[in-house]
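This report concerns only the one structure given below.
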Amino acid sequence: LHGVSLPTLVVQGERDSFGRPDEFPQDVDLAVVPSADHGFSVPRRGEVTQQEALGVIVEATLEWVVREVVGNRNGE
């Protein structure tokens with residue numbers, strides 16, 4: 001990710017065994033899904049439900065696309 005020269009969104013599970021959220025470069029946008037693993041699964045008694053975890057992913061992605069893609073097309 002260090003060589004990416006375009007705006008980048010990383011959606012990361014808080015419990016992802018392939019990398020912790022604090023390991024990502026500061027110049028990428030990061031959306032952390034609470035209690036989620038690499039496949040965005042959350043424990044039954046986790047901080048959020050599976051449906052809420054999916055909502056975090058959708059909302060973060062939509063906000064990022066509107067800001068980085070749509071906003072840049074409109075010169076914002």
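Observations, loosely collected:
- Check on SER17, touching a strand residue (DSSP E or B) at 6+ places or on another chain (Cβ under 9 Å) and polar (S, T, N, Q): no
- Close contacts from segment 1-22, counting a first residue that is farther than 28 Å from ASN72 by Cα and a second that is open to solvent by less than 100 Å² (accessible area, probe 1.4 Å) and of a type in the set (Asp, Glu), with Cβ to Cβ under 9 Å and a gap of 6+ residues or different chains, come to GLU14/ASP37; ARG15/ASP37; ASP16/ASP37; SER17/ASP37; ARG20/GLU14.
- The requirement of being in contact with a His (Cβ under 7 Å, 6 or more places away or on another chain) and free of Cβ contacts under 8 Å to residues at least 40 places away in the same chain is not satisfied by PHE40.
- Flag for ASP27 being acidic (Asp, Glu), in a helix (DSSP H, G or I) and either exposed (fewer than 11 other Cβ atoms within 10 Å of the Cβ) or more than 13 Å from the chain's Cα centre (by Cα) (or both): no
- Some residue of segment 45-65 being touching a Ser or Thr at 6+ places or on another chain (Cβ under 9 Å), open to solvent by less than 50 Å² (accessible area, probe 1.4 Å), in a loop (DSSP other than H, G, I, E, B) and not basic (Lys, Arg): yes
- Per the conditions (1) assigned to a loop (DSSP other than H, G, I, E, B); (2) open to solvent by 80 Å² or more (accessible area, probe 1.4 Å); (3) under 24 Å from GLU68 (Cβ atoms), the sole criterion not satisfied by VAL4 is (2).
The values are calculated or read from the model by the stated rules, or taken from the named source; none is laboratory data. Here the structure is a predicted model, which means the values were calculated and not measured. Glycine also receives a Cβ, built like all others from the backbone with ideal geometry; neighbour counts cover every protein chain displayed. These area figures cover heavy atoms from the full protein model, side chains too; ligands, DNA and RNA do not enter into them. Shrake-Rupley method; radii C 1.70, N 1.55, O 1.52, S 1.80 Å.
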